[in-house]
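The numbers here are math on the coordinates, done by the rules we state, and not lab data. Note that the structure is predicted; figures quoted are calculated from it, not measured. So basically every Cβ, Gly included, is an ideal-geometry build from the backbone, and we count neighbours across all protein chains shown.
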Amino acid sequence: MRTRTHTPALLTAALAACALPLAGAGGAHAAAVVDVGTAAQLKAALAAAAPGDTIRLADGTYTGNFKVTVPGTPGARITLTGSPAAVLTAGGGYGLHLNGASYWTVRGVTVTGGQKGIVTDAAAGVVIDSVTVHDLDMEGVHFRTSSVDGVLKNSRIFDTGLNGRGMGEGVYVGSAGDLTDRSDRALITGNTIGPGVGGENVDIKEGTTGARIIGNTFDGGGLTGANYDDSWVDVKGNDVLVENNKGTRTTNNGYETHTQQSGWGCGTVFRGNTSDLTGATGPARLAVNVTNLGDSCRTTVYSSNTVTGGNGLTNITVTP
């Protein structure tokens, strides 16, 4: 069912204009609330969405691959919302694909059962809030193809990488080896990631700048080592902030920095993170393992970081 909601100011303007339609021919779109209860209705609503609209999912299972190509605007976002009992489940492919769909908010729903959970391509300002993503062959959430200013917050991701290939990161920002993918300024905050994540909980790729990883809880019970994943977070982008996170269970380290391409993996700041390395068996067993040493590629590890177990806090000089 599609119902339209209008602001008091717009209603007043309409009355002043002798109650002319707000969204007549050539007029501005009137924001709509669209209630859906089936997969077919959801696909139709996604295709017809316009800036300012809200799509509300009833509880239930929505089977299929759901793709969005219509963008919102900074002042009129498009929202897809439902409870955790509104479950998007795919037999393969992407559960929810926002392709060029800038300024969407995805809130509350569950995505499961596909190759990848939620993927953004060339989509600016996407906010993913309070979702549950689990039981996927590969990664849970991927900001890709220069999807700038993406936000993932207050969400839960677990049981990814079920195909056993070690490609099941919880959150993946950018593209490996592709410096043209400038998925910059991603904010990953307040999430619980793991257990059962078959790759790093968060992987920040070369070519991306300004990611912020703040206030998350990481559980590395699921790391496979198949593709060098032996830490909760792997930073290969530039100017990344890693702050006030809590991590438990890892095979080796808590956090790592790497230079995969010249000039990248630099400028990372670690502050206020709590690392429990109890049970780690890898060779380094550090809370923060900096592999790209040197004055031309600085990493800052503050003394506010703490560690239990393992071989210590870090392999570089700690900043007070």
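Below, the figures for the structure above:
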item: Length-normalised contact order of segment 33-308 in % [C-alpha pairs under 8 Å, at least 6 apart]; result: 10 percent
item: Exposure proxy order (Cβ contacts within 10 Å, fewest to most) of L152, L313, L293, L277; result: L293, L313, L277, L152
item: Residue (of L223, G113, G309) at the positive-pole extreme of the chain, dipole from beta-carbon charges; result: G113
item: Lysine pairs meeting the criterion (Cα under 24 Å, 8 or more apart or interchain), as found in the chain; result: 13
item: About the Cα centre, charge dipole magnitude for the chain (Lys/Arg +1, Asp/Glu -1 at Cβ), debye; result: 740 debye
item: Of (1) 1.24; (2) 0.91; (3) 1.09, the label for Cα Rg over 2.2 N^0.38 Å derived from the coordinates; result: (3)
item: Sum of -39500 (n - 2.57) over DSSP H runs of 4+, divided by residues of the chain (222 nm, nearest 500); result: -1500 deg cm²/dmol
item: Max mean-square fluctuation residue, GNM over the chain, Cα-Cα springs under 10 Å, options Y255, Y302, Y94; result: Y302
item: S146, S304 arranged by Cβ crowding within 10 Å, fewest neighbours leading; result: S304, S146
item: Highest to lowest packing among 95-108, 176-189, scored as the average C-beta count within 10 Å; result: 95-108, 176-189
item: Relative contact order %, segment 106-235, counting alpha carbon pairs below 8 Å whose residues are six or more apart; result: 21 percent
item: Selection from G150, G37, N252, by position along the positive dipole direction of the chain (Cβ); result: G37
item: Pair L162, T308: separation of 7 Å Cα→Cβ label points (nm); result: 3.2 nm
item: Sorted by Cβ density within 10 Å, fewest first, the residues V131, V202, V33; result: V33, V131, V202
